[in-house]
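Enquirer: Before I ask anything, let me first share the structure, which is written out below as structure tokens.
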Amino acid sequence: MLESFNAWAETLRFACEVQSVVSMRLARLAQGGPQAAVEAELMIAEKLEAFADAEVAMLRALSDGEGIMVAAERGYAPLRRCVGANSSRLARAMA
């Protein structure tokens, strides 16, 4: 039961952090100028890198004989790191 609640709480936390990053990015893009162009490029490049890292992590877990849940957790880790890094970077930039 506790494990199920922890998974739900982490999902909620991640969704809120993603929404925060989206909001900060939209504000930054709305400001225009060179910073907006850089942010747009970062947004695309980071997504490509994070999803590629997630795919590698999932494939590695599956090839090591781990189950689908372990593969999903390992695939989630690069996305979580990327969102966390963006959240910190954008919060500093917006301050």
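The values are calculated or read from the model by the stated rules, or taken from the named source; none is laboratory data. Remember, it's a predicted structure, so these values are computed and weren't measured experimentally. Every residue, glycine among them, receives a Cβ derived from its backbone with ideal geometry; neighbour counts consider all protein chains shown.
Enquirer: So Phe14 ticks every box in (1) in contact (Cβ under 8 Å) with a residue 60 or more places away in the chain; (2) loosely packed, with under 13 Cβ neighbours inside 10 Å; (3) among the aromatic types (Phe, Trp, Tyr) but one. Which box is left unticked?
Expert: Single failed check for Phe14: (2).
Enquirer: Among the residues in the range 73-87, are any over 11 Å from the mean Cα position of the chain (by Cα), hydroxyl-bearing (Ser, Thr, Tyr) and either in a helix (DSSP H, G or I) or more than 21 Å from Ala7 (Cα to Cα) (or both)?
Expert: So far as the range 73-87 goes, no, none of its residues is over 11 Å from the mean Cα position of the chain (by Cα), hydroxyl-bearing (Ser, Thr, Tyr) and either in a helix (DSSP H, G or I) or more than 21 Å from Ala7 (Cα to Cα) (or both).
Enquirer: Next question. Only residues that are modelled with pLDDT of 95 or more, within 27 Å of Ser23 (Cα to Cα) and either out of contact with any helix residue (DSSP H, G or I) (no Cβ under 9 Å at 6 or more places or on another chain) or exposed (fewer than 13 other Cβ atoms within 10 Å of the Cβ) (or both): list them for the range 46-76, please.
Expert: Leu48, Glu49, Ala52, Glu55
Enquirer: For residues in the range 17-44 being under 18 Å from Ala77 (Cβ atoms) and not charged (D, E, K, R), which is surrounded by the fewest Cβ atoms within 10 Å (Cβ to Cβ)?
Expert: Out of the qualifying residues, it is Val18.
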